[in-house]
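A short write-up of the structure that comes next.
The values are calculated or read from the model by the stated rules, or taken from the named source; none is laboratory data. Predicted model, so just to flag it, every value in this text is computed and none were measured. All Cβ positions, glycine included, derive from the backbone under ideal geometry; neighbour counts span all protein chains shown. Protein only, heavy atoms only, side chains kept; ligands, DNA and RNA dropped before computing areas. Shrake-Rupley method; radii C 1.70, N 1.55, O 1.52, S 1.80 Å.
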Amino acid sequence: MKNIAVIYWSGTGNTQQMALAVAEGARSSEVEVAVKDVGSATLQDIQNSDAVALGCPSMGSEVLEESEMEPFVQSLEDLDLKGKPMVLFGSYDWGDGQWMFDWEERMTGLGVKLAGDGLKVHITPDEEGLKLCRELGQKLASSI
Ligand SMILES: Cc1cc2nc3c(=O)[nH]c(=O)nc-3n(C[C@H](O)[C@H](O)[C@H](O)COP(=O)(O)O)c2cc1C
């Protein structure tokens, strides 16, 4: 069975809710889905997955969370990710979504194949936001 890793950082739970909905959407296909907080994720989780969903809210000033997510994303540079299907998601509040645009560009630069546009949800995902998360998970699952 193909497998997907959903790896996220979340301070107040909004991106975590998104992660769970992305996983739910992906599971509607015949794939095995593992959801992990980035603190317990390793590069092997990325390497051993057919596709990956990464989630992180906009933090600092339009950047990834700096103590756990940023180092993890930086360490992805050590892997060969050419053609790896991936989607990105995260919650934000007052910004214009720049953190997501920057993140997408960074990941594309590593050769990953983004299976959909980075999903930005304003603060706590409502029913529509959760639906978009599930759809993103489905899209990722159908790309492998
Ligand atoms: C320290 C800090 C910095 C933040 N910086 C931004 C920012 O630059 N742009 C933005 O849109 N939201 C910013 N936010 C808001 C968060 O992205 C928002 O609260 C989000 O819902 C948090 O997601 P989480 O519940 O998964 O932690 C910031 C929040 C905190 C606590």
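For the reader, a short list of remarks on this structure follows.
- Within the stretch 1-40, tally of residues that are closer than 20 Å to K82 by Cα and either touching a Lys or Arg at 6+ places or on another chain (Cβ under 9 Å) or open to solvent by less than 20 Å² (accessible area, probe 1.4 Å) (or both): 4
- Some residue of the stretch 98-105 being within 16 Å of the ligand (Cβ to nearest atom), in contact with a Phe, Trp or Tyr (Cβ under 9 Å, 6 or more places away or on another chain) and not hydrophobic (A, V, I, L, M, F, W, C): no
- The stretch 54-67 residues that are on the phi > 0 side of the Ramachandran plot and in contact (Cβ under 8 Å) with a residue 24 or more places away in the chain, paired with ones that are within 8 Å of the ligand (Cβ to nearest atom) and small (G, A, S) (beta carbon under 9 Å, 6 or more apart): E62/G95; E62/G97
- Scan the stretch 119-144 for residues that are surrounded by fewer than 21 Cβ atoms within 10 Å (Cβ to Cβ) and within 12 Å of the chain's Cα centre (by Cα) and the total you get is 0.
- Residue within the stretch 71-78 that is within 16 Å of the ligand (Cβ to nearest atom) and either at pLDDT 95 or above or in contact with a strand residue (DSSP E or B) (Cβ under 9 Å, 6 or more places away or on another chain) (or both) present: yes
- Taken together, A41, A23 contain a single residue that is touching a strand residue (DSSP E or B) at 6+ places or on another chain (Cβ under 7 Å), in contact (Cβ under 8 Å) with a residue 60 or more places away in the chain and within 13 Å of I7 (Cβ to Cβ), which is A23.
- Condition met for V35 (on the phi < 0 side of the Ramachandran plot, without any contact (Cβ under 8 Å) to a residue 40 or more places away in the chain, away from the ligand (no atom under 11 Å from the Cβ) and not in a helix (DSSP H, G or I)): yes
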